[in-house]
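Novice: Sharing a structure, written as C-alpha cells. Questions coming.
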Amino acid sequence: MVLVDALAATVHLLFAGLWTGSVLFVTYAVLPTAVAGDIDVDPLRTIVTRLSTVSKASSLALLLSGGYMATTRYGVDSLLGSGRGHLVLAMVALWFVLSGLVETATSRMRDGLDERKVRTPARDTRRLFRAA
C-alpha cells in the first residue's frame with residue numbers, strides 16, 4: 001500500500017510540473033514570438049495542439065492520482081473540517097480553473113490559426129494564458 005501511495009504522489013507531482021511548465025513555456029516563450037509574427041501558423045498550431053494534449057492528459061492524471069490520495073488520506077469530515085482539507089479543496093478549485101483557462105485559450109488560438117492568422121490569436125489569448 002505504501003508503494004501505491006508513493007506512486008500516486010509521484011505521478012501527481014510529475015504531471016503537475018509538466019502541465020505548469022508547458023503552460024509557462026507557451027505563455028512566456030511561444031506567445032511573444034507569435035505576437036511578433038516570428039513563427040508560422042503550422043508550427044504554432046502544433047505547439048498549441050500539444051499543449052492541449054498535455055493539458056488533458058495532466059488533468060486526467062491529476063484527477064485520478066489526487067482522487068486516490070484524497071480518498072485514502074481524508075474523509076469527508078477531514079476535507080470539510082480541517083485546514084489541510086480546505087487546501088485540498090482549494091487545489092481542486094484551482095485545477096478546474098487552470099483546465100478551463102488552458103482549454104479556452106487553446107481553442108481560441110486554434111480558431112484564429114484556422115483563419116491562417118498568428119499575431120491576432122496570440123494577442124487575443126495572451127490574458128487567458130497569463131491567467132492560467
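The values are calculated or read from the model by the stated rules, or taken from the named source; none is laboratory data. All of these numbers come straight from a predicted model, not from anything done at the bench. Note that each Cβ is placed from the backbone with ideal geometry, even for glycine, and that neighbours are counted across all protein chains shown. For accessibility, only protein heavy atoms count, side chains too; no ligands or nucleic acids. Shrake-Rupley method; radii C 1.70, N 1.55, O 1.52, S 1.80 Å.
Novice: Would you say Arg84 is among the basic types (Lys, Arg), in a helix (DSSP H, G or I) and closer than 16 Å to Arg126 by Cα? Quick ask: steps written out before the conclusion?
Specialist: Working: among the basic types (Lys, Arg): yes; in a helix (DSSP H, G or I): yes; closer than 16 Å to Arg126 by Cα: no.
For Arg84, the condition - among the basic types (Lys, Arg), in a helix (DSSP H, G or I) and closer than 16 Å to Arg126 by Cα - is not met.
Novice: Shifting gears a bit: Residue by residue through the stretch 73-132, note down the ones that are touching a Leu at 6+ places or on another chain (Cβ under 8 Å), open to solvent by less than 50 Å² (accessible area, probe 1.4 Å) and hydroxyl-bearing (Ser, Thr, Tyr).
Specialist: Once the filter is applied, which keeps residues that are touching a Leu at 6+ places or on another chain (Cβ under 8 Å), open to solvent by less than 50 Å² (accessible area, probe 1.4 Å) and hydroxyl-bearing (Ser, Thr, Tyr), the stretch 73-132 yields Thr106, Thr125.
Novice: Hey, another quick one. List pairs: first in the stretch 59-82 and within 18 Å of Val102 (Cβ to Cβ), second open to solvent by less than 100 Å² (accessible area, probe 1.4 Å), Cβ under 7 Å, 6+ apart or cross-chain?
Specialist: Ser59/Ser99; Ala61/Val11; Ala61/Phe15; Leu62/His12; Leu62/Phe15; Leu62/Ala16; Leu62/Trp95; Gly66/His12
Novice: Any residue in the stretch 12-30 that's open to solvent by less than 70 Å² (accessible area, probe 1.4 Å): show its pairings with residues that are assigned to a helix (DSSP H, G or I) and polar (S, T, N, Q) at Cβ separation under 7 Å, as long as the two are six or more apart or on different chains.
Specialist: His12/Ser65; Phe15/Ser58; Trp19/Ser55; Trp19/Ser58
Novice: Return yes when Tyr68 is surrounded by 12 or more Cβ atoms within 10 Å (Cβ to Cβ) and among the aromatic types (Phe, Trp, Tyr) and no when it is not.
Specialist: Values: surrounded by 12 or more Cβ atoms within 10 Å (Cβ to Cβ): yes; among the aromatic types (Phe, Trp, Tyr): yes.
Spelling it out, Tyr68 is indeed surrounded by 12 or more Cβ atoms within 10 Å (Cβ to Cβ) and among the aromatic types (Phe, Trp, Tyr).
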